[in-house]
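Asks: Pasting a structure here, questions to come.
The values are calculated or read from the model by the stated rules, or taken from the named source; none is laboratory data. All of these numbers come straight from a predicted model, not from anything done at the bench. Cβ placement follows ideal geometry from the backbone for every residue including glycine, while neighbour counts extend to all protein chains displayed. Calculation scope for accessible area: heavy atoms of the full protein, side chains included, ligands and nucleic acids excluded. Shrake-Rupley method; radii C 1.70, N 1.55, O 1.52, S 1.80 Å.
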Amino acid sequence: MKRILVTGGAGFIGANFVHHMIAHSDSEITVLDKMTYAANRQSLEGLDSKRVNVVVGDICDYVLVNELVPQHDAVVHFAAETHNDNSLHDPRSFVNANILGTFEILEAVRNHSVRLHHISTDEVYGDLELDDPQRFTESTPYKPSSPYSASKASSDLLVKAWVRSFGIEATLSNCSNNYGPYQHVEKFIPRQITNILAGQRTKLYGNGKNVRDWIHASDHSSAVKRILESGESGRTYLIGADGERNNLDVLCMILSLMGKDENEFERVADRPGHDLRYAIDSTVLRTELGWRPQYTNLEHGLEQTIAWYRENRSWWESAKAQTEERYRSQHVTDAVGVAR
Ligand code: NAD
Ligand code: DAU
């Protein structure tokens, strides 16, 4: 895979993937990114400009997509609207980017016979009970809950249909919750770290018992590289690092690593329709493709992530105020009127 088109490469995981590929392969990369609020140009700074080219544009732009796709050996498709809370307030932008955008990518790879890897999420499978012994596998039925996860599920189904009906060469992966550098401050872990760095109180939705299965973005990147190298067309691979923790535990870990008392948080209004638990069984990826995560200690990974946000204030400071203002304007309140 010499020439790779990475959609959404200026976002969190896309940027981590570009850094990973530049460090661990000889690929040349074109990033196609609309530069929405979630993108950050600084995330791609310092990379060899002979190997990384950034094109600002929309995956829904038929002309641009059909110009770029044939110049590459593969497309790795990260671009999406990704924040569940936003999808409850503006579902249209999720349908446009995630469903119609993926449709344009699919038509272009079909027309030009270019290999596709589609990036998706474990949220397409809905949620699990806290005591359910099962985890999500490649054969778990789709049951998305939010407009975001429904739009990602729709995009996955389009990819599967294009494989079956048109014979495109495509793989899919569904990954659990990522953390690490370059993640937008709207998301749980960076929101809490930057709240503490900015002297604000951390915010926990509801009772904090919801479980997420955390994986470092660098491990997600190495898994996608592995699938690009050895994945079988038409197959889905689940990516996870056995990182299940409830939100209260993660928040307490962050508070303690940052020298704060573990009670220094505010319980705020819960997310409507809030998924209870995600958990990934990544046996297929591990046994068939020999992939292993490097970050197996969440506390250690969080320590590094906290250090990154501490040392890179200029990367996040301008987005912080806008993000908190957006949360306030979304006016989510609970039964007793507590807002976020
Ligand atoms: P992000 O929100 O940080 O970045 C998304 C990027 O896509 C941004 O740079 C944005 O500008 C770009 N984009 C959005 N709409 C676009 C459009 N129409 N045209 C071109 N670019 C557009 O997202 P992320 O957290 O890095 O997620 C990347 C992908 O990984 C998504 O497909 C997401 O569903 C998936 N995923 C995320 C996680 C997670 O924990 N964050 C877990 C599993 C899967
Ligand atoms: O599982 C993969 C998914 O993980 C990805 O597909 C999504 O793109 C990504 O955003 C993420 O979705 P979540 O909704 O799980 O992530 P978020 O960071 O928004 O929230 C993580 C958990 O933390 C969730 O249970 C809600 C809670 N939360 C979130 C915020 C922002 C809080 O308790 N307080 C907060 O301030």
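Asks: Mind listing just one residue for me: the one in the range 196-220 that is open to solvent by less than 10 Å² (accessible area, probe 1.4 Å) and touching a Ser or Thr at 6+ places or on another chain (Cβ under 8 Å) and, of those, farthest from ligand 2 (Cβ to nearest atom)?
Replies: Result: Ile215.
Asks: Taking into account only those residues within the range 81-106 that are of a type in the set (Gly, Ala, Ser) and open to solvent by 20 Å² or more (accessible area, probe 1.4 Å), which is nearest to Ser165 (Cα to Cα)?
Replies: Ala97
Asks: Now for a separate question. Collect the residues in the range 162-179 that are more than 10 Å from ligand 1 (Cβ to nearest atom) and either in contact (Cβ under 8 Å) with a residue 12 or more places away in the chain or open to solvent by less than 40 Å² (accessible area, probe 1.4 Å) (or both), keeping them in residue-number order.
Replies: Within the range 162-179, Trp162, Val163, Arg164, Phe166, Ile168, Glu169, Ala170, Thr171, Leu172 qualify.
Asks: How many residues does the range 28-52 hold that are away from ligand 1 (no atom under 15 Å from the Cβ) and open to solvent by 80 Å² or more (accessible area, probe 1.4 Å)?
Replies: Selection size over the range 28-52: 3.
Asks: Further, regarding this structure: Given Pro144, Pro133, which one is within 16 Å of ligand 2 (Cβ to nearest atom) and open to solvent by 10 Å² or more (accessible area, probe 1.4 Å)?
Replies: When all the criteria are applied, what remains is Pro144.
Asks: Can you name the condition, by its number, that Phe78 falls short on among (1) open to solvent by 20 Å² or more (accessible area, probe 1.4 Å); (2) away from ligand 1 (no atom under 12 Å from the Cβ); (3) hydrophobic (A, V, I, L, M, F, W, C)?
Replies: Single failed check for Phe78: (2).
Asks: Hey, another quick one. Could you tell me whether Ala223 is closer than 25 Å to Tyr295 by Cβ, near ligand 1 (Cβ under 10 Å from one of its atoms) and either open to solvent by less than 10 Å² (accessible area, probe 1.4 Å) or modelled with pLDDT under 95 (or both)?
Replies: Considered against the rule, which asks whether it is closer than 25 Å to Tyr295 by Cβ, near ligand 1 (Cβ under 10 Å from one of its atoms) and either open to solvent by less than 10 Å² (accessible area, probe 1.4 Å) or modelled with pLDDT under 95 (or both), Ala223 comes out as no.
Asks: Then there is this: Exactly one condition in (1) open to solvent by less than 50 Å² (accessible area, probe 1.4 Å); (2) free of Cβ contacts under 8 Å to residues at least 60 places away in the same chain; (3) more than 16 Å from ligand 2 (Cβ to nearest atom); (4) of a type outside the set (Phe, Trp, Tyr) is not met by Leu68; state its number.
Replies: Leu68 satisfies every listed condition except (2).
Asks: Kindly indicate whether Val250 is modelled with pLDDT of 95 or more and away from ligand 2 (no atom under 13 Å from the Cβ).
Replies: Here the answer is no, as Val250 does not meet what is asked.
Asks: Could I ask something else about it? Hey, does the range 187-195 have a residue that's open to solvent by 10 Å² or more (accessible area, probe 1.4 Å), more than 9 Å from ligand 2 (Cβ to nearest atom) and out of contact with any His (no Cβ under 8 Å at 6 or more places or on another chain)?
Replies: no
Asks: Can you give me the number of residues within the range 12-45 that are assigned to a loop (DSSP other than H, G, I, E, B), in contact with a helix residue (DSSP H, G or I) (Cβ under 9 Å, 6 or more places away or on another chain) and not polar (S, T, N, Q)?
Replies: Number satisfying all stated conditions: 5.
Asks: Also, I was wondering about something else. Looking at (1) hydrophobic (A, V, I, L, M, F, W, C); (2) touching a strand residue (DSSP E or B) at 6+ places or on another chain (Cβ under 6 Å); (3) within 15 Å of ligand 2 (Cβ to nearest atom), find the lone condition where Val75 falls short.
Replies: The failed condition is (3).
Asks: Name the residues in the range 100-121 that are part of a helix (DSSP H, G or I) and within 11 Å of ligand 1 (Cβ to nearest atom), would you?
Replies: Listed by number, the residues that qualify are Leu100, Gly101, Thr102, Glu104, Ile105.
Asks: If we keep just the residues of the range 107-121 that are of a type in the set (S, T, N, Q) and over 19 Å from Gly273 (Cα atoms), which is least open to solvent (accessible area, probe 1.4 Å)?
Replies: Going through the qualifying residues, I end up with Ser120.
Asks: Further question: Which of the residues that make up the range 236-273 are under 20 Å from the mean Cα position of the chain (by Cα) and more than 16 Å from ligand 1 (Cβ to nearest atom)?
Replies: Passing the criteria: Asn246, Leu251, Gly273.
Asks: Same structure, new question: Among the candidates Val56, Val124, which residue alone is exposed (fewer than 15 other Cβ atoms within 10 Å of the Cβ), within 11 Å of ligand 1 (Cβ to nearest atom) and without any contact (Cβ under 8 Å) to a residue 60 or more places away in the chain?
Replies: Answer to the selection: Val56.
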